[in-house]
1. Quick one: net charge around Glu45, please, counting Lys, Arg +1 and Asp, Glu -1 for every other residue with C-beta under 15 Å from its C-beta.
2. In debye to the nearest 20, how big a dipole does the chain give about its Cα centre with +1 on each Lys and Arg Cβ and -1 on each Asp and Glu Cβ?
3. Give me the net charge of Phe29's neighbourhood, meaning all other residues with Cβ under 15 Å from the Cβ of Phe29; Lys, Arg count +1, Asp, Glu -1.
4. Cα to Cα, under 19 Å, and not fewer than 8 places away if on the same chain: which aspartates and glutamates meet these conditions relative to Lys20?
5. Go ahead and estimate [θ] at 222 nm for the chain from helices alone: -39,500 (n - 2.57) per DSSP H run with n ≥ 4, summed, over the residue count, rounded to 500.
6. Hey, got a sec? Which chymotrypsin sites (Phe, Trp or Tyr not before Pro) in the chain land in a DSSP loop and have at most 14 other Cβ atoms within 10 Å?
7. Could you list, in their original order, any pairs among Lys33/Lys76; Lys26/Lys64; Lys5/Lys28; Lys27/Lys64; Lys5/Lys26 whose Cα atoms are separated by more than 24 Å?
8. Around Tyr12, what is the net charge, scoring Lys/Arg as +1 and Asp/Glu as -1 over all other residues with Cβ under 15 Å from its Cβ?
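Each reported figure results from applying straightforward, stated rules to the coordinates on display, with no laboratory input. These numbers were taken from a predicted model, which means no experiment stands behind them. Methodologically, a virtual Cβ is constructed for each residue, glycine included, from the backbone with ideal geometry; neighbour enumeration extends over all protein chains shown.
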Amino acid sequence: MVLRKEIIEIEYTPEDGSGKLITKEKKKFRLKKGCYQDEKNRYYEFKSNSTDSTAEEIAFLYRKCWGIELLFKRMKQNFQLHYFYGEN
């Protein structure tokens with residue numbers, strides 16, 4: 001269940017190729033933040049630069065990605081893999 005949705009806008013001064021600030025220019029960066037509570041009453045906050053996605057979609061994608069990370073962790077632990085190479 002999504003508890004709260006927010007749009008975060010950050011204003012910053014960009015740098016040129018040498019790392020020097022371009023003081024005459026300001027840029028904005030937008031994030032979407034969703035506060036989510038799962039069926040076990042665990043609380044999560046997700047942030048994404050995909051402002052077109054809903055908070056529900058962002059929470060779903062984070063959960064799926066975390067499941068993939070746990071799978072890789074188990075594979076490395078059970079099969080003594082130091083490196084994992086994949087094509088896709």
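1. On the way: positive: Arg4, Lys5, Lys32, Lys33, Arg42, Lys47, Arg63; negative: Glu6, Asp38, Glu56.
Charge balance in the 15 Å sphere: +4.
2. On the way: 18 positive and 14 negative charges, 43 e Å.
Charge dipole of the chain: 200 debye, to the nearest 20.
3. Numbers: positive: Lys26, Lys27, Lys28, Arg30, Lys32, Lys33, Lys47; negative: Glu6, Glu9, Glu11, Glu15, Glu25.
Net charge around Phe29: +2.
4. Within the straight-line cut-off, Lys20 pairs with Glu11.
5. Working: 1 runs with 25 residues, N = 88.
Mean residue ellipticity, 222 nm, calculated: -10000 deg cm²/dmol.
6. Values: sites: Tyr12, Phe29, Tyr36, Tyr43, Tyr44, Phe46, Phe60, Tyr62, Trp66, Phe72, Phe79, Tyr83, Phe84, Tyr85; in loops: Tyr83, Phe84, Tyr85.
Passing both the DSSP loop test and the Cβ count: Tyr83, Phe84, Tyr85.
7. Values: Lys33/Lys76 32 Å; Lys26/Lys64 36 Å; Lys5/Lys28 19 Å; Lys27/Lys64 32 Å; Lys5/Lys26 26 Å.
Listed pairs above 24 Å: Lys33/Lys76; Lys26/Lys64; Lys27/Lys64; Lys5/Lys26.
8. Numbers: positive: Lys20, Lys24, Lys26, Lys27, Lys28, Arg30; negative: Glu9, Glu11, Glu15, Asp16, Glu25.
Residues near Tyr12 contribute +1 overall.
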